């Protein structure tokens, strides 16, 4: 990354997949405030614990990216806790 992410709010959707944890680690190393989303909350907690993320700088947000209702609920939660989203990283889906 060329621009430091210190204090930026970064939302990473797909945080628990194959590429997700590496993306989370990279932004955590830059000092970003993180919003991590994926389908399963337990996996989000595992990633956060493994990387050693600060609870005060991290929001874990279960999200089904195939559900409009789930996306709207997630957005409402994010906007209730953060005033802005500086970076959105979408790493959901599969790789061929």
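A short reminder: the numbers here are calculations on the coordinates, not readings from a lab. Here the structure is a predicted model, which is why all the values come from computation and not from measurement. Cβ atoms come from the backbone with ideal geometry, glycine included; neighbour counts cover every protein chain shown.
For the chain, the relative contact order works out to 36 percent when only alpha carbon pairs closer than 8 Å and six or more residues apart are counted.
Each stretch of four or more DSSP H residues adds -39500 (n - 2.57); spread over every residue of the chain, this sum gives -11000 deg cm²/dmol at 222 nm.
Label zone (residue 6, point 7 Å along Cα-to-C-beta; backbone nitrogen cut-off 15 Å) within region 27-65: 28-33. As an equivalent ellipsoid, the chain spans semi-axes of 18, 16, 13 angstrom, where each value is the square root of five times an eigenvalue of the C-alpha gyration tensor, largest first. Relative to the current alpha-carbon distance between residue 68 and residue 83, full extension at 0.36 nm per residue lengthens the span by 3.2 nm.
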